[in-house]
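One structure is given below, encoded as structure tokens.
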Amino acid sequence: MGLLRRAGRQRHRRAPQATVVVAGYPRLFAGRPWCGPVGTIDEREQRRLDAGADLLARTIAAEVRRHRGFAFADVREAFEGGGVCAASPRILGATRPAFASFHPTARGQATYARMIRRRL
């Protein structure tokens with residue numbers, strides 16, 4: 001991740017006391033049957049995608065630990081129960097237009113902000 005190295009140099013030069021918080025990815029699904037208006041993602045596939053989010057979070061966290069002045073915000077627990085198709089989701093499902101699909105809702109953005117603030 002050359003990007004973190006470059007960002008670290010910039011941080012050190014411009015704000016040596018600053019902490020850069022890198023947020024991880026939440027698990028996307030709430031463990032419920034698919035409710036989206038487009039396509040189908042069965043529960044087995046949802047579990048596989050969520051396992052991918054876990055792998056991604058572990059990978060990012062390991063890389064962040066290698067860089068002084070950086071902190072990792074693991075958001076997975078904070079998003080637990082708020083995935084796609086939850087009663088009160090923090091993650092959007094499939095949307096039209098598609099660019100917003102599987103991104104945080106306003107509530108999800110607030111969850112990210114809260115978790116990042118905790119790491120500062």
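The values are calculated or read from the model by the stated rules, or taken from the named source; none is laboratory data. Since this is a predicted model, take the numbers as computed values, not measurements. Here the Cβ positions follow ideal geometry from the backbone for every residue, glycine too, while neighbour counts run over all protein chains shown.
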Return a yes/no flag: does segment 86-109 have any residue that is at pLDDT below 95, in contact with a strand residue (DSSP E or B) (Cβ under 7 Å, 6 or more places away or on another chain), among the hydrophobic types (A, V, I, L, M, F, W, C) and on the phi > 0 side of the Ramachandran plot. yes
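Can you give me the ranges of the helices (runs of 4 or more DSSP H) entirely in segment 2-101 with at least 3 residues that are free of Cβ contacts under 8 Å to residues at least 24 places away in the same chain and under 15 Å from the mean Cα position of the chain (by Cα)?
43-65
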In segment 50-84, which residues are among the basic types (Lys, Arg), loosely packed, with under 13 Cβ neighbours inside 10 Å and either in contact with a helix residue (DSSP H, G or I) (Cβ under 9 Å, 6 or more places away or on another chain) or under 23 Å from Trp34 (Cα atoms) (or both)? Arg66, Arg68
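Does Gln109 satisfy being without any contact (Cβ under 8 Å) to a residue 12 or more places away in the chain, more than 23 Å from Gly2 (Cβ to Cβ) and outside any helix (DSSP H, G or I)? Outline the logic, then answer.
On the way: without any contact (Cβ under 8 Å) to a residue 12 or more places away in the chain: yes; more than 23 Å from Gly2 (Cβ to Cβ): yes; outside any helix (DSSP H, G or I): no.
The answer is no for Gln109.
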